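Just below is one structure, and these are the notes that go with it.
The values are calculated or read from the model by the stated rules, or taken from the named source; none is laboratory data. Since the structure is predicted, the reported quantities are computational estimates derived from the model, not experimental observations. Neighbour counts run over all protein chains shown; Cβ positions are idealised from the backbone, glycine included. Each accessible area value is taken on the protein alone, full model and side chains, heavy atoms only, with ligands, DNA and RNA left out. Shrake-Rupley method; radii C 1.70, N 1.55, O 1.52, S 1.80 Å.
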Amino acid sequence: MASAALTINRLMGPVIKPVLFLLACAPLLKALAEIGMELFGLGRSSLGANPVEELLNRGGIWGLNLLVLTLCVTPLRQLTGWHAIGRVRRMLGLFAFFYLSLHLTVYLTLDRALEFDTIVEDVLKRPYITIGFTGLMLLVPLAITSFDALRRRMGRAWQRLHFLVYVVVLLGLWHYFWQVKKDIANPLIYAAVVALLLGWRIYRHWRQKQQLALRSAATDAAAPMAFDGGNPTAERLG
């Protein structure tokens, strides 16, 4: 078992990480191929009658998928002891930011043709766009500060800042719920998975506090005994 875990850890850099990178690129490559087919009349793609709406939806869904996968890394590491899995978290998070940025780019350029007044009106008056836009803006500082040099420089502030990822995921879910309007089956599935992942973190935090409290109580209980044991006159004085 230990040798298998060691082998998997050794494969992380040369094999597992590149494979995950290619898998994360696959939706983009598929979309580009289909756009090429539509533009040059090379056959029917799966973009449907409204390619802009389809591209918009795909960017949002893949961004949300990768955000949820990013949240899966810590529970998986804690449950399996496979610590090397933590090395893919940043890559998954940056891909999430990339696809959500594409989602926004398609909306700004193809859906709204860069009409500034319309875009501002959407953000201010359509709540699901306001929520989605806010979530993506909160993701920007996380992407910028995801590199090791900034992480070391920011210290504890980096960790506090990156707690924002939980807010971003919840805003993304909210945006998805409001956007689909009728068939909420898929958003409910995402919500259940996210609730499970956040629930695990809350449980771990509660458990750590309990363990710390028990250790503290044990230390306090042992302290008088240690004092008495170190003082040969203590028993007589008592």
Practice item. On the full set of protein chains, 1.4 Å probe, figure out the accessible area of Tyr99 and give it in Å² to the nearest 10. Key: 10
Check your understanding: Could you list, bin by bin from short to long, the percent of Cα-Cα pairs of region 92-135 in 5 Å steps?
Key -> 5, 22, 26, 27, 12, 6, 1
Revision key, fill the gap. Connecting every pair of Cα atoms under 10 Å apart in the chain and solving the GNM, the largest mean-square fluctuation among Asn186, Asn57, Asn65 falls on Asn186
Revision key, fill the gap. To the nearest 10 degrees, the tilt of helix 164-180 (Cα long axis) against the first principal axis of the alpha carbons of the chain is 40
Exercise for review: Report the percentage of all Cα-Cα pairs in region 15-61 whose separation exceeds 12 Å, rounded to a whole percent.
Suggested key: 66
Practice item. Roll a 1.4 angstrom probe over the protein heavy atoms and tell me the percent of accessible area of region 45-86 that is carbon or sulfur. Key: 65
Check your understanding: Anyone know which of Phe95, Phe116, Phe21 comes out most mobile in the 10 Å Cα GNM of the chain?
Key -> Phe116
Review point. Among the lysines, which have Cα under 24 Å from the Cα of Lys17 when same-chain residues fewer than 8 positions away are ignored?
Key: Lys30
Review point. Taking a probe of 1.4 Å, how large is the accessible area per residue of region 101-229, in Å²?
Key: 70
Point to revise | Net charge, Glu38 excluded, C-beta distance under 12 Å - Lys, Arg +1, Asp, Glu -1 | key: -1
Exercise for review: Note the full-extension length gain between Cys25 and Ala149 as 0.36 nm times their separation in residues minus their Cα-Cα distance, in nm to one decimal.
Suggested key: 42.1 nm
Review point. Tell me, Kirkwood radius of region 25-147 from alpha-carbon pair distances, in Å?
Key: 16.2
Point to revise | In nm, spacing of pseudo-spin labels at Leu196 and Ala221 (7 Å Cα→C-beta vector) | key: 3.8
**Study point:** Sites Arg10 and Asp111, calculated FRET efficiency, Cβ-Cβ separation with R0 41 Å, nearest 0.05
**Key:** 0.35
Practice item. List the relative contact order of the chain as a percent without decimals, with contacts defined as Cα pairs under 8 Å and 6+ residues apart. Key: 15
Check your understanding: Full extension from Val123 to Arg207: what is 0.36 nm times the residue separation minus their Cα-Cα distance, to one decimal in nm?
Key -> 26.1 nm
Review point. Using a 1.4 Å probe, what is the accessible area per residue for region 1-93, in Å²?
Key: 59
Practice item. Using only protein heavy atoms and a 1.4 Å probe, report how much of Trp178 is accessible, in Å² to the nearest 10. Key: 110
**Study point:** Correct choice for volume of the Cα convex hull per residue in Å³ that was computed from the model, options [x] 228; [y] 116; [z] 127
**Key:** [x]
Check your understanding: What is the pair-distance distribution P(r) of region 137-209, computed from all Cα-Cα distances in 5 Å bins starting at 0, with each bin given as a whole percent?
Key -> 3, 14, 18, 17, 17, 16, 9, 4, 2, 0
Study note, to complete from the structure: Mean-square fluctuation maximum in Gaussian network of the chain, Cα pairs under 10 Å, restricted to Leu136, Leu39, Leu124, hits Leu39
Revision key, fill the gap. Dividing the helical contributions, -39500 (n - 2.57) per DSSP H run of n ≥ 4, by the residues of the chain yields a 222 nm value, nearest 500 deg cm²/dmol, of -27000 deg cm²/dmol
